[in-house]
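If you scroll down you'll find the structure; I have some questions about it.
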Amino acid sequence: MICKARKLLSLLFIHYSLFISVALSAALNVACREDIDESNLYTFTGETIEDYLVNRSERFSSFNYILSRIGYDKILAAYGTYTCFAPDNEAVAAYVDSLYEDMSNPELPHNGMTKPGLEGLTDSLCNDIALFHLLGTEVMSVYMGNGMTVKTILGREITTSLDTTSTSSLDSTLTRVAINRNSLILKRGMDQDLENGVLHEINRVITRSNLLIAGEMEAHQDLYSVFSNALKATGLADTLTATSHDFEKITIKTGFYLPEKCEMGYTIFAETDDVLAEKGIVDVETMADYARQVYANCGDWYDYVRTNHVDISFGTDYKNPWNVLSMFLRYHILKCKIPFTKLTNSHNQISKVTLVEYYETMLPYTLLKVTKNGSKWMLNRWEANSSLTDQVAELGSAAMHTVLFEGIELVGAEGQISPTNGYIHPIKSVLVYNTDVVRGALNERLRFDDASLFGEMMSNSFRRISDKEVNALNGGKTGTDGDLSGSYIRIPPGFLEYMKIYNGDETRLYYLPGQSSGWSNYQGDEFNCKGHYDFAMRLPPVPEGTYELRIGYTAEGNEQRGMLQFYLGTSSDLTTMKALDIPLDMRIVPVNNSDLTPDVYTGWCDWTKLDDKGVESDVNMRNLGYMRGPLYYTVGVNSGNYARNNPKDLRRILTRQHFDQGEYWLRFKSVLDSDHHQFHLDYIEFCPENVYNSTTYIEDMY
């Protein structure tokens, strides 16, 4: 019990610190969040999770029976760290009855059950039910209310939120936490903290869908009959079926977590029948009519269509991918799985900025913009003069940032539907790809976090995963590769569709989620690479125009970082690649001279001590091909130290040139003989000429 006492003291210290942080945050920025009473969060019983269930068999014998069928009762009786959502006997009985009574699938009547009751469950059903209620780390209910998405041991995600319609049976003023909207934690704030984890008693079995995304939409005919029928008419229903893809096996292992499977999936932003009806869309034919209006003159603004002389079909050959109905639907679909809680990321971002993410859709070479505006999430919101300012070191006056299009609002986490290979998010008005998106919403500095460039990073729940979760996936271990150690994920060759590794195991690619660390990274995460690396990644597509292409990284001395040459091409074929400028030496850390003399290599100096707040210094740095890090985020969470202030936070301008809306690949090749140096990538930026070279305003420092 000494270890448990130490654990309690540690938890009390951590949560006291968290309470102070939350209190300060609330004082500075009022949010829709209830006050948390942490005086009695934990009940120590000296039991394991299995002990707890057995000792209360009158309530949990049914769930424990399901655990025992797959041998997990023994696992939950042993050492480890788990979170268990435990439904009581009544909840299990109701769920098992619903499974047996379900005859919707003629090929699998009764969901495969052999007879009514627990004994009729197949081993496969027991496995799915049990593992969908278990996490590989501890998660307390007090942190679930603001909304979080976590991966279960089954490999499927669950999403938490506050339930506003029910109150606790113990305290009528205490709002309960909902798991996937339908299962409520019965005793929020009184988690059972046990010897090998934490247990939450829930009132219903957490349900999961085994339908693919188009089938799940069809199952919700009351909401999505028109959208579902259009998916079938275009053949997209038969296309959105991927669940995983193969990749190469590596031979040089370094002890970091190495995924054994690469999951795939989709995200659909879908209008309900009611929303479509407001535009006169009531069936497939009227949706096609609407699409004909939207794309009637798309060659004027859909640059890829114009430059590639694409023949747009306005007929009824809906399965033609360039039929307007198919185009309309494809712009609603992302080729990755993103739960609502992860559509934007606020990790180490300062409070005054707007959270923005850009995702590539299945309409060829098009982007969709997601903005968190206050408490609302909007698609393709358009603000005038975005990324520009009329005030030095500030975002600029409201007068210059007129909102020209509020955007398409998402319903929220409560509307999310979770099929087995993706997510469906309802939206409140009709989404289209038009000239306002191309010339408006996307006409700004486009900053892409490294993980957002690859759908697999989101589909496999790697983006925004905690260190504890990574360690749990890795059996509680961390790896080592030279001076690289920690909760990294090893990315094998072929795991990422839009990354090409040219020399096999000589390129050792890692991903650090960084959600539990204080690294000076945009959104906390980074890609890191060791070895004689030589690889390329496909760049996100941007509307046609002249851009600055930049990369963001942190420099490190003492031979930790490396030196590399960049190449740009129109495919991953090396014959298309052309070198960009001279090699970049990531080992060069700007010298912070006390007399404010600019660093000889980068031009960096402490802008906070300059009368003009670094405006002239920024110009000098740009002339050398560098930029400071942005004011957008801090070095670590809530540190108050902006990336712009940190000499190691740098942006390198790789090229200023014309980009078509289409395929581009950026190659990274080490130019050093030693294989222990690190490559580092945090984010990339496409900045249009009208922003970096504006004659009216200046690019903001954010």
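The values are calculated or read from the model by the stated rules, or taken from the named source; none is laboratory data. Computed from a predicted structure; not experimentally measured. Here Cβ is always computed from backbone atoms with ideal geometry, including for glycine, and neighbour counts include all displayed protein chains. Each accessible area value is taken on the protein alone, full model and side chains, heavy atoms only, with ligands, DNA and RNA left out. Shrake-Rupley method; radii C 1.70, N 1.55, O 1.52, S 1.80 Å.
What are the GluC sites (Glu not before Pro) within the stretch 241-316 that DSSP puts in a loop, where the Cβ has at most 14 other Cβ atoms within 10 Å?
GLU248, GLU260, GLU278
May I pose another question? Which residues' amide hydrogens lie under 5 Å from the amide hydrogen of LEU580, considering only partners 5 or more residues apart or on another chain, with H built in the peptide plane?
So LEU580 has HN proximity to PHE566, TYR567, LEU568.
When the Cα centres of the stretch 98-120 and the stretch 327-390 are compared, how far apart do they sit, in Å?
Their Cα centres are 42 Å away from one another.
With no solvent and one point per C-alpha, what does the Debye sum give as log10 I(q)/I(0) for the stretch 97-252 at q = 0.15 Å⁻¹?
Once normalised to I(0) and log-transformed, intensities are -1.05.
Grab the alpha carbons of the chain, take their convex hull, and tell me the volume per residue in Å³.
It comes to 175 Å³ per residue, whole-number rounded.
Hey, what do the phi angles of the stretch 256-261 turn into as Karplus ³J(HN,Hα) couplings, whole Hz, using 6.51/-1.76/1.60 and θ = phi - 60°, x for Gly and Pro?
6, 4, 10, x, 9, 9
Also: Jot down the radius of gyration and Dmax of the stretch 525-607, Cα atoms only, both in angstrom.
Just the Cα atoms of the stretch 525-607 yield Rg and Dmax of 15.9, 48 Å.
Can you give the accessible area per residue of the stretch 626-676, in Å², using a 1.4 Å probe?
On the way: 1840 Å² over 51 residues.
That works out to 36 Å² for each residue.
In addition: Helix-only estimate, please: 222 nm mean residue ellipticity of the chain, summing -39500 (n - 2.57) across DSSP H runs of length 4 or more and dividing by its residues, to the nearest 500.
Mean residue ellipticity, 222 nm, calculated: -6000 deg cm²/dmol.
Once phi is turned into ³J(HN,Hα) by the Karplus curve 6.51 cos²θ - 1.76 cosθ + 1.60 with θ = phi - 60°, what whole-Hz value does each residue of the stretch 298-314 show in order, with x for glycine and proline?
5, x, 6, 9, 8, 4, 4, 4, 5, 6, 9, 6, 6, 8, 7, 9, 10
Sequence gap at least 6, Cα distance under 8 Å: using those rules, report the relative contact order of the chain to the nearest whole percent.
12
Using amide H atoms built in the peptide plane, which far-off residues or other-chain residues are under 5 Å from MET190 H to H?
The answer is none.
Using amide H atoms built in the peptide plane, which far-off residues or other-chain residues are under 5 Å from ARG176 H to H?
Hits under the 5 Å cutoff: ASP163, SER166, SER168.
Quick one: compute a quarter of the convex hull surface over the Cα atoms of the stretch 320-407 and quote it in nm².
That works out to 7.3 nm².
For the stretch 168-274, report the accessible area per residue in Å² (1.4 Å probe, heavy atoms, rounded to an integer).
On the way: 4410 Å² over 107 residues.
About 41 Å² of surface per residue is accessible.
Roughly how big is the chain's charge dipole about its Cα centre, with Cβ charges of +1 (Lys, Arg) and -1 (Asp, Glu), in debye to the nearest 20?
800
In whole percent, how big is the carbon plus sulfur part of the accessible area of the stretch 374-507, probe 1.4 Å, protein atoms only?
Carbon-and-sulfur percentage of accessible area, whole number: 48.
Residue by residue through the stretch 348-360, what is 3J(HN,Hα) from phi via Karplus (6.51 cos²θ - 1.76 cosθ + 1.60, θ = phi - 60°)? Round to whole Hz and write x for glycine and proline.
Residue by residue, the stretch 348-360 yields 6, 7, 6, 5, 6, 8, 8, 7, 9, 9, 10, 10, 7 Hz.
Restricting to the stretch 549-683, what percent of DSSP beta bridges are antiparallel, rounded to 5?
Among the beta bridges of the stretch 549-683, antiparallel pairing accounts for roughly 95 percent.
While we're looking at this one, here's another question. Which whole-number percentage describes the relative contact order of the stretch 596-698, with Cα contacts under 8 Å and a sequence gap of 6 or more?
Contact order relative to length: 16 percent.
Highest mean first, how do 576-587, 487-498 rank when packing is the count of other Cβ atoms within 10 Å averaged over residues?
Answer by packing, highest mean first, reads 487-498, 576-587.
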